[in-house]
Ligand SMILES: [Zn+2]
Ligand SMILES: [Zn+2]
């Protein structure tokens, strides 16, 4: 084939050799301007109908320009870089340099566009700001008021989990935390989130869990919309408490989905009991309320401590591998002191 313009022989494009074809041609193009939406609430960005995402502003501006880049057919873009120049706080002139391959030849090309930042509110923030929620996670105590530290611990757990989950799925959020008589309510973005967190709390604390749904209206596409309430009823006991079980004192050393792990005070014998048996546990001393006793001496299986009340010296058994400092945690069960493992 011959080039109709210069007469050179070889492969042709639209009748032209590659040199004549490329001469003066715009290989890549950008629109006059690109609108980059910025959520005024969470400061995430979106352009050209893409997903909202968290980025540095300069990255968002450059990406918005690169996403709008088009190339003539036959050009295979291998790399492209963008450089933004600030015109004013909302407008940025972005130059794009691209390198590509066309008809076996490496070519470079440039284009520019104006990226304009537009404030908006993303759906997640508008829902959150509008107090949208689909499920309620209620944390209560079985008997009396939910202790403040346990309430705060549960709320902290939920907040941490939502923070890490929302980095993968931005539809996940916590709408509100409400202190209510007897406990705390957390309003959540979805039923599945409520269920997952209720299950986690229930497994972590050995808590009872109940679920109830209420029809609250229709969704945008006409389906029935339910709001589900997940009630997590905290047991009286907490991990690391000293508990009474069948007349003896144990440390509650583990709680899992199916069972609890007990370590007997005195001989440190370990046993596991089913979740259903755990309702018979009675708290003797909560984990934050152990007493300290000063250590006077130690042997392999025993230490001698000063009784914290009458200052007599008392021998108490310790596990063989126990690390003993200047003082140890102890509990008094029916006038006998025990080392807390
Ligand atoms: Zn030619
Ligand atoms: Zn937002």
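The values are calculated or read from the model by the stated rules, or taken from the named source; none is laboratory data. Just so it is clear, the structure is predicted and the values come from calculations on it, not from any experiment. Positions of Cβ are backbone-derived with ideal geometry, glycine not excepted, and every protein chain shown enters the neighbour counts.
Overview of values
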quantity	calculated
Enumeration of residues in the stretch 135-152 that are crowded, with 19+ Cβ neighbours inside 10 Å and farther than 20 Å from residue 228 by Cβ	146, 151
Breaking point among (1) buried (at least 18 other Cβ atoms within 10 Å of the Cβ); (2) part of a strand (DSSP E or B); (3) not assigned by TED's automatic domain parsing to the domain that holds residue 71, for residue 176	(1)
Positions within the stretch 179-206 being in contact (Cβ under 8 Å) with a residue 60 or more places away in the chain and buried (at least 19 other Cβ atoms within 10 Å of the Cβ), in sequence order	189, 194, 197, 198, 201, 206
Evaluation of residue 260 against (1) over 23 Å from residue 149 (Cβ atoms); (2) touching a helix residue (DSSP H, G or I) at 6+ places or on another chain (Cβ under 6 Å) (one fails), failing number	(1)
Verdict on residue 129 being at pLDDT below 95 and closer than 30 Å to residue 208 by Cα	no
Pick from the stretch 12-34, criterion surrounded by 13 or more Cβ atoms within 10 Å (Cβ to Cβ) and assigned to a loop (DSSP other than H, G, I, E, B), ranking: nearest to ligand 2 (Cβ to nearest atom)	31
Scope the stretch 153-167; condition more than 16 Å from ligand 2 (Cβ to nearest atom) and surrounded by fewer than 12 Cβ atoms within 10 Å (Cβ to Cβ); matching residues	156, 160, 164
Residue under evaluation residue 314, criteria (1) surrounded by 12 or more Cβ atoms within 10 Å (Cβ to Cβ); (2) at pLDDT below 90; (3) more than 38 Å from the chain's Cα centre (by Cα), criterion not met	(2)
